[in-house]
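J.: I have a structure here, written as structure tokens, and I will follow up with some questions on it.
The values are calculated or read from the model by the stated rules, or taken from the named source; none is laboratory data. These figures come from a predicted structure and were not determined experimentally. In this analysis, Cβ positions are derived from the backbone assuming ideal geometry, glycine residues included, and neighbour counts consider all displayed protein chains.
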Amino acid sequence: MIERLAEFVNGNAALVRQGRYVDFAILVGVGEIDYIVEIDAGRIAQVRRRTINIESGRFAIRAAAEVWQEHWTPMPKRDHHDLFSMMAAGLASIDGDIAPFMQNLLYFKALLSAPRPTSEGA
Amino acid sequence: MPEFEPIVGRYFTMTVGGEEVRIYVEEAGTGIPLVCLHTAGADARQFRHLMCDTEITENYRVIAFDMPWHGKSNPPAGWQEREYKLTTELYRETVQVFCEAMELDQPVIMGCSMGGRIVLHLALENPDAFRAVIALEGADRLEPYYDTEWLHRPDVHGGEVAAGYVSGQVAPQSPSEYRWETLYAYMQGGPGIFKGDLHFYWVDGHFDDRSGLIDTSRCPVYLLSGEYDSSCTPERALATAERIKGSSITIMEGMGHFPMSENPALFRGYILPVLDEIRAGRQVQPEST
């Protein structure tokens, strides 16, 4: 699902505008697989598997594959419905440079929940 | 003339902590005073749906005020030279002074989140002053799950990050309109106010070592907590109810941390029976888990 992030994000004009100052890559870990998500002015420029360990992003957000799957269902279970709730429950983690994440918190939460059908972008 | 809502708002000045503060208060209805305390970093608009619900206002005088520093209430003069930090003692005094100023006779106090915590302190310290207390998303012991330093610094927009912090506290079932109305209030908070409130909510307000001393025969305690609340989780609410003997606990399915504002239609199904029981003077039994 994360490989298809561009199709969920780039057609959402409000979300792209919200992230208009984001011009960097982040790392998203889905279980054992790390993805580099390159963002250009709020648009997803590319999502690719990390192939060499020296690649990274400004920050890395990781959760188990089944946690992301639940996060992307139309009505996720409690503790899976929101990135902070996932972190509070110990189901997700963030590492790296937290400042740009906090500066664009609503955007990144919406970005990572974008695959959810009828996502509110919470 | 427009079709006005029944809510009427006014201002007055009261003295709290030795300082004068201009307070904004709004109310609707007649009957038993029901004082409503908003969540951290927000204001009394959260209770607008209750004030427009005739099933409530025909028996209750619903009163909600913006805490000092919040909403349309002012901070004390000289606020710019200090860091706002809410303490248990200041919060308790604020509510008591407000009730005295309004000349309320044995009001019911209902608070949400930090308001849900302070009502438990009030039930412990001054049980005969209140007809009952209702703690929405309130617990006697909470654990922080994020760093509040991000809420007040020049390189992060305080309003937007506050909304981002709490957006996950709204249940996914809640209507979009009310989700975003709830978050909008967070975006409007003053600089550092949400952070200062969280000092009480997460640091200064613990009293799980004393909550068991609350005498529910003198002041009935109702706890209601949302299934999707990541802060006052159902488990923490249940643990609080376990310590407060005789309290009533209800877990609200499909609800988050802001029941009165995020999903008013669902919330009224939970709160109306509680208000009916309080009005009837019945001591309730624990309802659900």
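J.: Can you name the number of the only condition in (1) closer than 18 Å to A:GLN103 by Cα; (2) surrounded by 14 or more Cβ atoms within 10 Å (Cβ to Cβ); (3) of a type in the set (A, V, I, L, M) that A:ALA41 fails?
T.: The single condition A:ALA41 does not satisfy is (2).
J.: Now a separate question. For residues in region B:12-53 being surrounded by 13 or more Cβ atoms within 10 Å (Cβ to Cβ) and hydroxyl-bearing (Ser, Thr, Tyr), which is farthest from B:PHE194 (Cα to Cα)?
T.: The residue in question is B:TYR24.
J.: Filter region B:130-183 for residues that are among the β-branched types (Val, Ile, Thr) and within 7 Å of chain A (Cβ to nearest Cβ); which is farthest from B:MET110 (Cα to Cα)? Talk me through it step by step, then tell me what you get.
T.: Of all residues in region B:130-183, those among the β-branched types (Val, Ile, Thr) come to B:133-134, B:148, B:156, B:161, B:166, B:170, B:182.
Remaining after also requiring within 7 Å of chain A (Cβ to nearest Cβ): B:156, B:161, B:170.
Numbers: B:VAL156: 33, B:VAL161: 27, B:VAL170: 19 Å.
That would be B:VAL156.
J.: In region A:56-75, is there at least one residue being more than 14 Å from chain B (Cβ to nearest Cβ), of a type outside the set (Ser, Thr, Tyr) and surrounded by fewer than 15 Cβ atoms within 10 Å (Cβ to Cβ)?
T.: Yes - at least one qualifying residue is present in region A:56-75.
J.: How many of the residues making up region A:81-101 are in contact with a helix residue (DSSP H, G or I) (Cβ under 8 Å, 6 or more places away or on another chain) and farther than 15 Å from A:GLY57 by Cβ?
T.: Residues of region A:81-101 in contact with a helix residue (DSSP H, G or I) (Cβ under 8 Å, 6 or more places away or on another chain): A:81-86, A:91-94, A:98, A:101.
Within this subset, residues satisfying the condition of being farther than 15 Å from A:GLY57 by Cβ are A:81-86, A:91-92.
Residues flagged as in contact with a helix residue (DSSP H, G or I) (Cβ under 8 Å, 6 or more places away or on another chain) and farther than 15 Å from A:GLY57 by Cβ within region A:81-101 amount to 8.
J.: Name the single residue that is surrounded by the fewest Cβ atoms within 10 Å (Cβ to Cβ) among those in region B:123-137 being in contact (Cβ under 8 Å) with a residue 60 or more places away in the chain and within 15 Å of B:GLY205 (Cα to Cα).
T.: B:LEU124
J.: Can I ask one more? Please list, ordered by first then second residue, the pairs with beta carbon atoms under 8 Å, 6 or more apart or interchain, first in region B:174-199 and farther than 18 Å from B:CYS232 by Cα, second at pLDDT below 95 and not in a helix (DSSP H, G or I).
T.: B:SER176/A:GLU120; B:ARG179/A:GLU120; B:ARG179/A:ALA122
J.: Every residue in region A:65-89 that is in contact with a Gly (Cβ under 7 Å, 6 or more places away or on another chain), within 16 Å of A:PRO115 (Cα to Cα) and either assigned to a loop (DSSP other than H, G, I, E, B) or without any contact (Cβ under 8 Å) to a residue 24 or more places away in the chain (or both), please.
T.: Result: A:HIS81, A:ASP82.
J.: Given the conditions (1) within 14 Å of the chain's Cα centre (by Cα); (2) within 24 Å of B:ILE251 (Cα to Cα), and given that B:TYR91 satisfies all but one, which numbered condition is not satisfied?
T.: B:TYR91 satisfies every listed condition except (2).
J.: In region B:54-70, what count of residues is obtained for those that are part of a loop (DSSP other than H, G, I, E, B) and in contact with a helix residue (DSSP H, G or I) (Cβ under 6 Å, 6 or more places away or on another chain)? First the steps, then the outcome.
T.: Taking region B:54-70 and keeping what is part of a loop (DSSP other than H, G, I, E, B), we get B:58-59, B:66-70.
Next, only the ones that are in contact with a helix residue (DSSP H, G or I) (Cβ under 6 Å, 6 or more places away or on another chain) stay: B:59, B:66, B:69.
So the answer is 3.
J.: Scan region B:200-209 and give yes if some residue there is among the charged types (D, E, K, R), assigned to a loop (DSSP other than H, G, I, E, B) and more than 11 Å from chain A (Cβ to nearest Cβ), otherwise no. Steps first, answer last, please.
T.: At the first step, the residues of region B:200-209 found to be among the charged types (D, E, K, R) are B:204, B:208-209.
Retained after the next criterion (residues that are assigned to a loop (DSSP other than H, G, I, E, B)): B:208-209.
Applying the additional criterion that residues be more than 11 Å from chain A (Cβ to nearest Cβ) yields B:208-209.
Yes, region B:200-209 contains a residue that is among the charged types (D, E, K, R), assigned to a loop (DSSP other than H, G, I, E, B) and more than 11 Å from chain A (Cβ to nearest Cβ).
J.: Report, by residue number, each residue of region A:76-122 that is under 26 Å from A:ALA13 (Cα atoms), more than 10 Å from chain B (Cβ to nearest Cβ) and surrounded by fewer than 21 Cβ atoms within 10 Å (Cβ to Cβ).
T.: A:PRO115, A:PRO117
Per-residue answers, yes or no, for (1) at pLDDT below 95; (2) in contact with a helix residue (DSSP H, G or I) (Cβ under 7 Å, 6 or more places away or on another chain); (3) surrounded by fewer than 24 Cβ atoms within 10 Å (Cβ to Cβ); (4) more than 12 Å from chain A (Cβ to nearest Cβ):
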site	(1), (2), (3), (4)
B:GLU242	no, no, yes, yes
B:GLY246	no, no, yes, yes
B:MET255	no, yes, no, no
B:ARG268	no, no, yes, yes
B:LEU272	no, yes, yes, yes
B:GLU277	no, no, yes, yes
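J.: Checking B:ARG210 against (1) closer than 22 Å to A:MET87 by Cα; (2) at pLDDT below 95, only one condition comes out false. Which one?
T.: (1)
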